[in-house]
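S.K.: Before I ask anything, here is the structure I am working with.
The values are calculated or read from the model by the stated rules, or taken from the named source; none is laboratory data. Because the structure is a prediction, the values reported are computed rather than measured. Cβ placement follows ideal geometry from the backbone for every residue including glycine, while neighbour counts extend to all protein chains displayed. The area values use the complete protein model at the heavy-atom level, side chains included, leaving out ligands, DNA and RNA. Shrake-Rupley method; radii C 1.70, N 1.55, O 1.52, S 1.80 Å.
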Amino acid sequence: ENKRQDDDDDDDDHVPDDDDIYYADDDYADKDKEVEVDDDATASQEDDDDDDDYNDDGDTNNTDIEEQNADVNDNIEENPQDFDDNIESNPQVDNTEIETQTNETKVDQNANVDDTFESEPKHDDETVEEEQTNETVEDNGTEILTEDDDDDEDDEAIKDALIEKWGHWHFWDGTPEIRPTEDYLSMYPNKDCPYEGFPSESWQADAVYVNHMIDSASELVIRAKDAIFTEYGLGPREEISRDQLIQRTNMFKLDFLNLNSDDVSEPVNEGLTRGGWTTSSSFEGLARRLTHAMMTRDTFTVVMGGNGAAAGHGNHHLQSYMMQFHQIMEPLLERVGVKLITKSIANDGLGTIQNTLGSVSIYGDDIDVIIWDADPEVENDASVELFFRQALLAGSRRPVLFAPKGKFDVLKNLHNNVDADVFGIGSAMHGIPETLDEEQVKDLPYFARYLNCPEDKESLCLNNPDKYKVRCWIDRDDVTPPTQQLKSPSDQSLENPGFRQHQLKGRVITFIILEALQDALDNWSDITIVEGQPLDGDFWHLTNYYENIESKIKSFDTSVGNCGELKDFIPERICSTPLQGRTEFTPRSNPSENSITSILKATPDGYVPTLSDQMLYEGPDVPNPDLKVPKGEIDVRAIVINRRRELQRREKDYFNFKMHHEIMDTNEKSKVEKTYIPQSNLRSCTDSNEIIPGKGWELQTLPGNCDGTATGICGRQPSSNCLLYDKMDEKGGLIGNALSGWLVMNVSNMTQGIVILKLETGLKSDDNQITKDWNEVNNGEYTGFLQNEAPGDFMFDFVINNVVTTLTQEEFSQRKKSPNDEVELLTLLDDPDFVPEGESKDVEVAIRLRNCDHDCTLKLTHVYWA
């Protein structure tokens, strides 16, 4: 990652496309020191609010970005005539007048740079490369972004017009061969390289490279934001009225709050119809993380945990708001060397607690932003607080916390007590025009239709015929579905948002990240114009920042806040103890590594439950018109990419077909206090009566790489009646009964003496098809210790390190706890003394049912331990 100059651009990254590309060139830096200084000055002049649409009326000690915008808004309200006159004389001037003037200054100051950075002539093989690139795109079978894909000349004209109107990326490293090839960052915690640790030839120490990268990145951020406004009829900036300028100023506006104030409360009404709310320190914390990702060429990971509505049920996966966010931010962050990973980890009809308890494994390590978005009627504040606590405790990073309205107190509590960075997500409805009737709506911008209806006409939005754009199948030559395909998926409902609602919510989160990114770029420029390159670690290092949050969350008293309310369902120390987990639920991070089957002990003949129902076909789907931007409508992703070569390579699907993998660190340790040691009918196993795994457990899950990302390909079973409906939600597990035998798991790196299972009881006897014709355990094969007795009372046995515990039906029911109606948890071990302090051990855990044949069938869905 540290050697990478620009991810996914391959060899043609260093080939200029146009005459105005800026190259970071050592010869230039040596020959013309004055121009280098001018570049620094140019970068520093970039206004802290290059966005014409961001201001806040919160804490006046935030950043310059607030002060400038607050002044502009005050001037607009107090002197509207002056504002109108200003627009007439200069139609581009709004609340980013400074930004526009800065850009003009940059053009003047960079005039001599253009003379020096002469664009290299096309390489002889460039035409061949472009032809090969186009062939590769066609082979990938991905989506085309424009409706008219038959006329190549028209497509080329569209690309040229797009670049002419919106501009394009114009900076490249002219001397990549001089950059260090060794990894000079990984030796430092969190890659926090000190000032003197950067080689002199590194790009971070190259003032010319950094200044021009900041300049181009700032322009790209401006283009992206203006394009988003244009989607909703509030752009381009130079083509809209005074009222529209004011409206877009507030559409994604963040309110900055002082959460330490006694009378602070969540913004209501107008406040929540804009971009949301945050604090000064939280905004700076997000900007710091983005700066760190740019300085280290690292990943930036955004994860959502929620329910089916948040995951986009009723829509294609790529239409969900998390994927809409990814669609814009992935190519933009790629330009500054950052790899964006976006995951939607959600299950319909559930909250998040079933995945929270294994957060580091299921949601993943190295999370920078985590979003809670489930039904508050299903999940109370205690479960939401646990969701955020586990995210802050587990993994190697301490993420920024996002939540929609209604979870203000949880976020406030964590911000004030553990210094967590927090954001409340608004709706941006402030910038959406009203839909009044079926005829008037046709005149509204396409993506703004049916989003904002008056109370007396709310049914227009709820029942609109254009709510979903989904189909189940498109005929193709190489695949014929064996199952009749539906016209559209069956779970489209009034409760589930349509594609427009998801896109708008994705744009809200996109705007928050864009604002923080611009702040990061501005600070980088302002600081280094004085102190020089590379940027001093005080402004981007994260180790001390993380350690402060980690130490406070581990010592955070459960009596403060709501997490302690869960002590009747789970050990209370889980509020400050990170757990690992394995599950057959999908989606999940690293599906193959974090499944329950990955920790199962095989039978003597090597049997482990496997999935018999495999995918009907692999690879990307054929072009889907439902994923295309309608002809004539604004295409924000194309504007963000907006480079001829990139458009040719990416013009077919939203995302390249490639799998992303994370490295999970399971070495998290924490100090805990002793609570209780489970007691119940204990016996010991010896070598002579070994626990032997059974063969009657049936695996239920989805095939494929169901990781919740944009590139995950999942499901597609031959039995599916909607193969293009790419949702990854499956409540999978291992189904067993009293004839299935032992299920034996190897739990690694236990440090805290905690083992918890999530079960689903009350299944039907025919839910396990493996044992349907069996009359004895393992169908009469090896039975191992504690053979099945004559049918009678239900018995549940579990073994932890050769110690057997048997629960009767009554004891099993008493120990099984339900924090909500859909989640059943069974704590097998809660013993702080089980592992000596400072040590870890691998533990064998086994479970089985007895005495009830097919009549007692259950599903094991999750295993958690610490």
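S.K.: Residues of the range 137-162 being at pLDDT below 55 and surrounded by 14 or more Cβ atoms within 10 Å (Cβ to Cβ), which ones?
M.R.: First, pick out the residues of the range 137-162 that are at pLDDT below 55: 137-151.
Within the range 137-162, Val137, Asn140, Gly141, Thr142, Glu143, Ile144, Leu145, Thr146, Asp149 qualify.
S.K.: Still on this structure, please answer the following. For Arg288, state whether it is open to solvent by less than 10 Å² (accessible area, probe 1.4 Å) and among the charged types (D, E, K, R). Show your work before the answer.
M.R.: Values: open to solvent by less than 10 Å² (accessible area, probe 1.4 Å): no; among the charged types (D, E, K, R): yes.
When the stated conditions are applied, Arg288 does not pass them.
S.K.: Could you tell me which residue of the range 524-533 is surrounded by the fewest Cβ atoms within 10 Å (Cβ to Cβ), considering only residues that are of a type outside the set (Asp, Glu), touching a residue at least 24 places away in the same chain (Cβ under 8 Å) and assigned to a helix (DSSP H, G or I)?
M.R.: Restricting to residues being of a type outside the set (Asp, Glu), touching a residue at least 24 places away in the same chain (Cβ under 8 Å) and assigned to a helix (DSSP H, G or I), the top hit is Ile529.
S.K.: Scan the range 187-210 for residues that are outside any loop (DSSP other than H, G, I, E, B), of a type in the set (Phe, Trp, Tyr) and open to solvent by 20 Å² or more (accessible area, probe 1.4 Å) and jot them down. Give the derivation first.
M.R.: Going through the range 187-210, the residues outside any loop (DSSP other than H, G, I, E, B) turn out to be 189-191, 195-197, 203-205, 207-210.
Still in the list and also of a type in the set (Phe, Trp, Tyr): 195, 203, 209.
Tyr195, the sole residue that qualifies.
S.K.: State whether one or more residues within the range 534-543 are free of Cβ contacts under 8 Å to residues at least 12 places away in the same chain, open to solvent by 10 Å² or more (accessible area, probe 1.4 Å), over 16 Å from Ile228 (Cα atoms) and more than 16 Å from the chain's Cα centre (by Cα).
M.R.: yes
S.K.: Being within 17 Å of Leu332 (Cα to Cα) and assigned to a helix (DSSP H, G or I) is the requirement here; does Ile512 meet it?
M.R.: Yes.
S.K.: How many residues does the range 583-598 hold that are within 16 Å of Gln700 (Cβ to Cβ) and crowded, with 23+ Cβ neighbours inside 10 Å?
M.R.: Residues flagged as within 16 Å of Gln700 (Cβ to Cβ) and crowded, with 23+ Cβ neighbours inside 10 Å within the range 583-598 amount to 8.
S.K.: While we're looking at this one, here's another question. Do we find a residue being part of a loop (DSSP other than H, G, I, E, B) and either crowded, with 18+ Cβ neighbours inside 10 Å or in contact with a strand residue (DSSP E or B) (Cβ under 9 Å, 6 or more places away or on another chain) (or both) anywhere in the range 407-417? Break it down stepwise before answering.
M.R.: Start the filter on the range 407-417 by keeping residues that are part of a loop (DSSP other than H, G, I, E, B), which leaves 407.
Remaining after also requiring either crowded, with 18+ Cβ neighbours inside 10 Å or in contact with a strand residue (DSSP E or B) (Cβ under 9 Å, 6 or more places away or on another chain) (or both): 407.
Yes, there is a match, as at least one residue in the range 407-417 is part of a loop (DSSP other than H, G, I, E, B) and either crowded, with 18+ Cβ neighbours inside 10 Å or in contact with a strand residue (DSSP E or B) (Cβ under 9 Å, 6 or more places away or on another chain) (or both).
S.K.: Please indicate, with yes or no, whether at least one residue in the range 832-839 is hydrophobic (A, V, I, L, M, F, W, C) and in contact (Cβ under 8 Å) with a residue 40 or more places away in the chain.
M.R.: yes
S.K.: Hey, could you check the range 514-523 for residues that are open to solvent by less than 50 Å² (accessible area, probe 1.4 Å) and either of a type in the set (Gly, Ala, Ser) or out of contact with any helix residue (DSSP H, G or I) (no Cβ under 6 Å at 6 or more places or on another chain) (or both) and say which is nearest to Phe229 (Cα to Cα)?
M.R.: Within the range 514-523, the match that is nearest to Phe229 (Cα to Cα) is Glu515.
S.K.: In the range 789-833, which residues are assigned to a loop (DSSP other than H, G, I, E, B) and within 22 Å of Asp568 (Cβ to Cβ)?
M.R.: Across the range 789-833, the qualifying residues are Asp821, Glu822, Asp831, Pro832.
S.K.: Which residue, of Leu743, Leu723, is buried (at least 21 other Cβ atoms within 10 Å of the Cβ), touching a residue at least 12 places away in the same chain (Cβ under 8 Å) and more than 21 Å from Glu584 (Cβ to Cβ)?
M.R.: Leu723
S.K.: Can you tell me which residue is modelled with the lowest pLDDT among those in the range 599-617 that are open to solvent by 60 Å² or more (accessible area, probe 1.4 Å) and among the polar types (S, T, N, Q)?
M.R.: Per the criteria, the residue is Ser612.
S.K.: While we're on this one: Return the only residue of Gly358, Gly308 being touching a strand residue (DSSP E or B) at 6+ places or on another chain (Cβ under 8 Å), surrounded by fewer than 24 Cβ atoms within 10 Å (Cβ to Cβ) and of a type in the set (Gly, Ala, Ser).
M.R.: Residue meeting the stated conditions: Gly308.
S.K.: Note down all Cβ pairs under 7 Å where the first residue falls in the range 486-512 and is open to solvent by less than 40 Å² (accessible area, probe 1.4 Å), the second is basic (Lys, Arg) and in a loop (DSSP other than H, G, I, E, B), and they're at least six residues apart or on different chains.
M.R.: Listed pairs, sorted by first residue: Gly498/Lys467; Phe499/Lys469; Arg500/Arg449.
Matching residues to (1) part of a helix (DSSP H, G or I); (2) at pLDDT 90 or above; (3) within 17 Å of Leu535 (Cβ to Cβ); (4) open to solvent by 10 Å² or more (accessible area, probe 1.4 Å):
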| site | (1), (2), (3), (4) |
| --- | --- |
| Glu164 | yes, no, no, yes |
| Thr181 | no, yes, no, yes |
| Leu185 | no, yes, yes, no |
| His212 | yes, yes, yes, no |
| Thr230 | yes, yes, no, yes |
| Leu234 | no, yes, no, no |
| Thr249 | yes, yes, no, no |
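S.K.: What pairs come up if the first residue lies in the range 752-777 and is farther than 15 Å from Gln700 by Cα and in contact (Cβ under 8 Å) with a residue 24 or more places away in the chain, the second is small (Gly, Ala, Ser) and open to solvent by less than 60 Å² (accessible area, probe 1.4 Å), and their beta carbons are under 7 Å apart, counting only those six or more places apart or on different chains?
M.R.: Gln752/Ser670; Gln752/Ala866; Ile754/Ala866; Trp774/Gly696; Val777/Gly694; Val777/Gly741
S.K.: Restrict the check to the range 252-264 and report whether at least one residue is within 30 Å of Glu531 (Cβ to Cβ), assigned to a helix (DSSP H, G or I) and of a type outside the set (D, E, K, R).
M.R.: No: the range 252-264 contains no residue that is within 30 Å of Glu531 (Cβ to Cβ), assigned to a helix (DSSP H, G or I) and of a type outside the set (D, E, K, R).
S.K.: Quick check on this structure: which one of Ala420, Ala391 is hydrophobic (A, V, I, L, M, F, W, C), assigned to a helix (DSSP H, G or I) and modelled with pLDDT of 95 or more?
M.R.: Ala391
S.K.: If we keep just the residues of the range 369-387 that are buried (at least 24 other Cβ atoms within 10 Å of the Cβ) and touching a helix residue (DSSP H, G or I) at 6+ places or on another chain (Cβ under 6 Å), which is farthest from Phe283 (Cα to Cα)?
M.R.: If we take residues in the range 369-387 being buried (at least 24 other Cβ atoms within 10 Å of the Cβ) and touching a helix residue (DSSP H, G or I) at 6+ places or on another chain (Cβ under 6 Å), then Ser383 is farthest from Phe283 (Cα to Cα).
S.K.: Please go through the range 462-485 and pick out each residue that is under 29 Å from Pro433 (Cβ atoms) and either exposed (fewer than 14 other Cβ atoms within 10 Å of the Cβ) or touching a strand residue (DSSP E or B) at 6+ places or on another chain (Cβ under 7 Å) (or both).
M.R.: Leu462, Asn463, Pro465, Asp466
S.K.: Consider the range 760-783. How many of its residues are surrounded by fewer than 15 Cβ atoms within 10 Å (Cβ to Cβ) and part of a helix (DSSP H, G or I)?
M.R.: 3
S.K.: Continuing with this model, one more query. Being in contact with a Phe, Trp or Tyr (Cβ under 7 Å, 6 or more places away or on another chain), at pLDDT 95 or above and assigned to a loop (DSSP other than H, G, I, E, B), is that true of even one residue in the range 739-754?
M.R.: yes
S.K.: Here's a follow-up. Just for the range 344-355: of the residues that are more than 11 Å from Leu386 (Cβ to Cβ), assigned to a loop (DSSP other than H, G, I, E, B) and not aliphatic (A, V, I, L, M), which one is least open to solvent (accessible area, probe 1.4 Å)?
M.R.: Within the range 344-355, the match that is least open to solvent (accessible area, probe 1.4 Å) is Asn347.
S.K.: From the list Leu318, Leu333, Leu340, pick out the single residue that is open to solvent by 10 Å² or more (accessible area, probe 1.4 Å), in contact (Cβ under 8 Å) with a residue 12 or more places away in the chain and aliphatic (A, V, I, L, M).
M.R.: After ruling out the rest, the residue left standing is Leu318.
S.K.: Going through the range 551-581 one residue at a time, which ones are assigned to a helix (DSSP H, G or I), open to solvent by less than 40 Å² (accessible area, probe 1.4 Å) and either over 18 Å from Val863 (Cβ atoms) or at pLDDT below 95 (or both)?
M.R.: Answer for the range 551-581, where residues must be assigned to a helix (DSSP H, G or I), open to solvent by less than 40 Å² (accessible area, probe 1.4 Å) and either over 18 Å from Val863 (Cβ atoms) or at pLDDT below 95 (or both): Ile553, Cys563, Gly564, Leu566, Arg573, Cys575, Ser576.
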